[in-house]
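Peer 1: I am attaching a structure below and will ask some questions about it afterwards.
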Amino acid sequence: MIIVMQAGAAAREIEEVQAEIRRLGYTPHPIYGVERTVIGAIGDERGKTRLQALEAMAGVERVIPILKPYKLAGMELRREKSLIAVSAGVVFGGPKVPVIAGPCSVESAEQICAAARAVKAAGATLLRGGAYKPRTSPYSFQGWEEEGLKMLAAAREETGLPIVTEVMRESAVELVARYADILQIGARNMQNFDLLKAVGQLRKPVLLKRGLANTIHEWLMSAEYILAQGNMQVVLCERGIRTFETMTRHTLDLSAVSVLKRESHLPVVVDPSHAAGRWELVEDLALAAVAAGADGLMIEVHPRPQEAWSDGAQSLAPERFVRLMDGVRRVAAAVGREV
Ligand code: PEP
Ligand code: MN
């Protein structure tokens, strides 16, 4: 339910309504607007009619139901776009389009530092690299885990780039959160609800990738799991979905960017690397994503792609990433954004 307060409702009245929402077993999510405050009352769907009685309280204008099932991720409660700040000057959802770049896996201290220096020189805003790798085969490299996180932290130390890295299991959330500036939930874990609840307990940005075969609706419901725990810093990431097409690894669903702009206030990043699976396609798709209104990009870049331990075929060599960034700057300018 949305409790719409009267314009000019007193702070005390807003407090009293929130206390009553809590007493009824719901969680209040106040949104303080310029004109008026609205309070989302979020919780068990059963018995929500009891909230209707709040209409009689002082300062309340009306109580209206939230129709969409993604109550906090949707636009009914919050219309303005969410700004997710990672560090000074790195914000998702604003006029700038942050670019997350780096290798699929952290392989060595030398490799991740070389990648960090290269992507920074080309203008990337954040560094990526996996220390926990969700691999199709159990015999493939699984990641250096905490050692990898330390290598990422050293690369951040040297370049100043904030780091984005994946957390695959609940038991590692605390450890990964100690190193990461943004925790990534991978496509394969998009519906690992216990993991979503665990990152929901953090007060740190989470990059939620779309599952390989999940609808936008399911993706928003997964975001809702994180938001419902009180962590409002969620960035969505479209990374391609399974279709019948075999010429690309997955099919990049750019319509998701456009749909999400209408359905959610959360920023959307596009990862053309995992969608294409082939480096030759990455630049075109990245430009299209920015033109479509993406709030950021995630690009796999490796100092020597032919030697990469994972996803080499889709990784850009540094000089190709420089080219991509030039194009991204031009397209961003054409659509009123900047990198
Ligand atoms: C990755 O970012 O390296 C990754 C494994 O991505 P996804 O979960 O989208 O496959
Ligand atoms: Mn990868």
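The values are calculated or read from the model by the stated rules, or taken from the named source; none is laboratory data. Since the model is a prediction, treat every value here as computed from it, not as a measurement. Here the Cβ positions follow ideal geometry from the backbone for every residue, glycine too, while neighbour counts run over all protein chains shown. When the accessible area is computed, the model is the full protein with side chains, heavy atoms only, and any ligands, DNA or RNA have been set aside. Shrake-Rupley method; radii C 1.70, N 1.55, O 1.52, S 1.80 Å.
Peer 1: Keeping to the stretch 253-294, report how many residues are away from ligand 1 (no atom under 16 Å from the Cβ), under 16 Å from LEU324 (Cα atoms) and either open to solvent by less than 10 Å² (accessible area, probe 1.4 Å) or of a type outside the set (A, V, I, L, M, F, W, C) (or both).
Peer 2: Here the count works out to 4.
Peer 1: Additional query: Where the second residue is within 11 Å of ligand 1 (Cβ to nearest atom) and assigned to a strand (DSSP E or B) and the first is within 19 Å of ALA85 (Cα to Cα) and lies in the stretch 265-279, which pairs have Cβ atoms under 6 Å and are six or more apart or on separate chains?
Peer 2: Note: pairs meeting the criteria are VAL269/CYS237; VAL269/MET298; VAL270/GLU238.
Peer 1: Listed residues VAL34, VAL17; which is at pLDDT 95 or above and either within 22 Å of the chain's Cα centre (by Cα) or not assigned by TED's automatic domain parsing to the domain that holds VAL206 (or both)?
Peer 2: Exactly one residue qualifies, and that residue is VAL17.
Peer 1: Okay, moving on. In the stretch 313-339, what count of residues is obtained for those that are closer than 19 Å to GLU280 by Cα, open to solvent by less than 30 Å² (accessible area, probe 1.4 Å) and under 24 Å from the mean Cα position of the chain (by Cα)?
Peer 2: 8
Peer 1: OK, next. Collect the residues in the stretch 135-176 that are within 16 Å of ligand 2 (Cβ to nearest atom), in a helix (DSSP H, G or I) and open to solvent by 80 Å² or more (accessible area, probe 1.4 Å), keeping them in residue-number order.
Peer 2: Selection gives nothing.
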